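This report refers to the structure that appears directly beneath it.
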Amino acid sequence: MVKAFIKKLLPKKAIFFYHKYLALLASFLYGQPSNQLIVIGVTGTAGKSSTVYLIGKILEKCDLKVGWTSSISFKDAQGEKINNKKMTMPGRFFLQKFLKNLVKNNYQVAVIETSSEGILQSRHLGINYDLAIFTNLSPEHLEVHGSFENYKKTKGELFRKLKAQSSKLKTTAQNLKLKKTIIANLDDEHADYFLSFQADEYLGYTLKSNAKTRIHPNDTNKIKILEAEKRTGSSFMLDNSLFQLQLPGQFNIYNALAVLSVCQYLKIPLEQAKKALEKIESIPGRMEEIVNHPFKIIIDYAHTPIELQKIYELLNCELIGKEIEAHPVIRQDTQSNDKANSKLICVLGSCGGGRDKWKRPELGKLAVQYCNYIVLTNEDPYDEDPGQILSDIKSGITGSQFPISNLYQILNREEAIKKAISLASPGDTIIITGKGSEQWMCLKNGKKIAWDDRQIALKEFNKLSTAKD
C-alpha cells in the first residue's frame, strides 16, 4: 500500500528510471547470467504461456537442459513448480536469480514469458535475449497502456532491444553460433510490425499460403517460413510429415508451429521434435480436461473475447461432431442441438477488477451465442465491486433471446462451479474460464485467498457423484 502511494506521487519519468535501473542493478549483482544462456522470449496476447510450456517440454525431450518462467509454472534446476505469484513475468531480482541458478547448474536454455506489463516495468532489461517470439495480438490491458497502439508498441520493445544486445559467440547447446532472431505468426495481421525490427534472422510460421510472400521491410532476405496445412482436428502436415497433436484446437497448432520454429533455430531434426510434440497430453489450466465422464469439465485461462470465442467454437463443434473451420457453430436454440441435446455450460467471470472494462459486455455476448447455460461469477475483483463486474458482463446478455431461466449470477465462485456441475447431464461439457491453474483469488485491500479452479471443480464433482451413489 505504501509503495503504491509513493508511486502515485512520483512523475512517470521518475518511475521509468526507477524500474530501469533496478532491472540493470539486478542483472549486475547476479553477474549478467543471461549472457551464458540461450534466452528465448515469448510475447503476444494469447498463447504465450502454452508456447513457453511446450518449448520447455519439447526441448527437454530433445535432451537439452532448459528452464522457464510463465504464468503456468517455473522450472529450474530444483524442478518444476506451479506459478503461485499471480504474476506472468516475475520481478527483476527473481528473474536474475532464476537465470543464475540455470547457469550454475549448466543449463543451456531459458524461456521467459515476457508480458507487456513486465516490459512497462523494465523487467526485460538486463536480460540478453537471443530469440523473440510473437504469437498474436488483440486488445488487452488497455487501461494500463492507454490505447491498443501503445499496447502494441510496448510489446515491440522486446523486439526493438533484441539486436541492440551483445551477441553470444557460442553456447554449449549444439555448439551454435547464436543469431539474434525474430519468430512471428505470419497469419496475424500485426506480424509485419514485429518483423520490422532489426535482427540477424527472421523465421515465420503459417497455415495460409499467402503469408509466404512476406518479406522483411528492412532487409532483402526472405523470411524462413514453416508452412503447415491444416487437416482435421489437431493434425497438420509439415514438410510431408503428418503431426497429430493430443492438444485440442487450431490455436494449439499455432503454438506447436512456434515451438517447431524454435527447434529449427536450434537445429533439432524435425522428426525428433515431432515425436516429442506428439507426446504432450495436456497443458495445466489450458483446455485442461479434469473430468471426462459422464460429462466433461474443462478448465481454461481464456480471458479475452478472441480466446473465449475460439474455445466456445471448438467445444460446440466437438459436441455436435463437426469440424470447426467447415462448420462454425452458433447456438441459435439454447434448448437443444444436433447431438442428443448435449449442452455447453459456461462458468464465466473472466474480468479482473479495475481493468479491461470494455470487454465485459463482449464476453456476455459471446456466452449467449455459444452456450446453453451461463453461470456468471466472481474472478479477481481486487478493489472493484464484484457485483458491478457481473452487471457489466450481463449487459451483453440483456436484450438477447437468451432464456433468463438459463442464466445464473452467483458471486461465490465455488458455488457457481457447483451450480454448473448440477446442471450437467451425460454428454454435456462445462467450461470454466478466466483463472486456469492460478493459485490465488485477489480481493480488495490486497487480500488474497488460496484458489485453484481445478481442485474446486474436482471436489464439487466428487461430492455430487457421492451424493448420487
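Of everything in region 428-448 that is modelled with pLDDT under 95 and over 21 Å from the mean Cα position of the chain (by Cα), the residue that is surrounded by the fewest Cβ atoms within 10 Å (Cβ to Cβ) is ASN445. Take the conditions over 20 Å from the mean Cα position of the chain (by Cα) and closer than 15 Å to ILE374 by Cα and apply them to ILE404. Does it pass? Considered against the rule, which asks whether it is over 20 Å from the mean Cα position of the chain (by Cα) and closer than 15 Å to ILE374 by Cα, ILE404 comes out as yes.
For region 59-75, what are the residues that are more than 20 Å from the chain's Cα centre (by Cα) and of a type outside the set (A, V, I, L, M)?
Across region 59-75, the qualifying residues are GLU60, LYS61, CYS62, ASP63, LYS65.
Residue-by-condition table, conditions (1) of a type in the set (S, T, N, Q); (2) closer than 16 Å to GLU460 by Cα; (3) in contact (Cβ under 8 Å) with a residue 40 or more places away in the chain:
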| residue | (1), (2), (3) |
| --- | --- |
| VAL368 | no, no, no |
| ASN378 | yes, no, yes |
| LEU390 | no, no, yes |
| GLN401 | yes, no, no |
| LEU411 | no, no, no |
| SER422 | yes, yes, yes |
| GLY427 | no, no, yes |
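Annotation: of all residues in region 279-317 being under 18 Å from THR377 (Cα atoms) and of a type in the set (A, V, I, L, M, F, W, C), the one that is nearest to the chain's Cα centre (by Cα) is ALA302.
Name the one entry in GLU149, GLU117, GLU140, GLU80 that is farther than 27 Å from LYS179 by Cβ and assigned to a loop (DSSP other than H, G, I, E, B). After ruling out the rest, the residue left standing is GLU140.
Conditions (1) in a loop (DSSP other than H, G, I, E, B); (2) in the same structural domain as SER70 (by TED's automatic domain parsing); (3) at pLDDT below 95, marked per residue:
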site: LEU319; (1), (2), (3): no, no, yes
site: ILE324; (1), (2), (3): yes, no, yes
site: ILE330; (1), (2), (3): yes, no, yes
site: ASN337; (1), (2), (3): yes, no, yes
site: ALA340; (1), (2), (3): yes, no, yes
site: ILE345; (1), (2), (3): no, no, no
site: GLY352; (1), (2), (3): yes, no, yes
site: LYS359; (1), (2), (3): no, no, yes
site: ILE374; (1), (2), (3): no, no, no
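Just to verify a result, which residue in region 384-399, among those that are assigned to a loop (DSSP other than H, G, I, E, B) and under 25 Å from the mean Cα position of the chain (by Cα), is farthest from LEU363 (Cα to Cα)? Quick ask: steps written out before the conclusion?
Residues of region 384-399 assigned to a loop (DSSP other than H, G, I, E, B): 384-385, 395-399.
Next, only the ones that are under 25 Å from the mean Cα position of the chain (by Cα) stay: 384, 396.
Values: GLU384: 18, GLY396: 7 Å.
Filtering region 384-399 for residues that are assigned to a loop (DSSP other than H, G, I, E, B) and under 25 Å from the mean Cα position of the chain (by Cα), the one farthest from LEU363 (Cα to Cα) comes out as GLU384.
How about region 238-274: which of its residues are under 28 Å from LYS179 (Cα atoms) and of a type in the set (Gly, Ala, Ser)? If the condition is that a residue be under 28 Å from LYS179 (Cα atoms) and of a type in the set (Gly, Ala, Ser), then SER241, ALA256, ALA258, SER261, ALA273 are the ones that fit.
Considering only region 148-159, I want to know if a residue exists there that is of a type in the set (Val, Ile, Thr), out of contact with any strand residue (DSSP E or B) (no Cβ under 9 Å at 6 or more places or on another chain) and not assigned by TED's automatic domain parsing to the domain that holds LYS359. For region 148-159, residues of a type in the set (Val, Ile, Thr), out of contact with any strand residue (DSSP E or B) (no Cβ under 9 Å at 6 or more places or on another chain) and not assigned by TED's automatic domain parsing to the domain that holds LYS359: present.
Here HIS124 meets each of (1) closer than 23 Å to LEU186 by Cα; (2) crowded, with 18+ Cβ neighbours inside 10 Å with one exception, condition (1).
The values are calculated or read from the model by the stated rules, or taken from the named source; none is laboratory data. What you are looking at is a predicted structure, and each value in this text was computed from that prediction instead of being measured. Cβ: placed from backbone, ideal geometry, glycine included. Neighbour counts: every protein chain shown.
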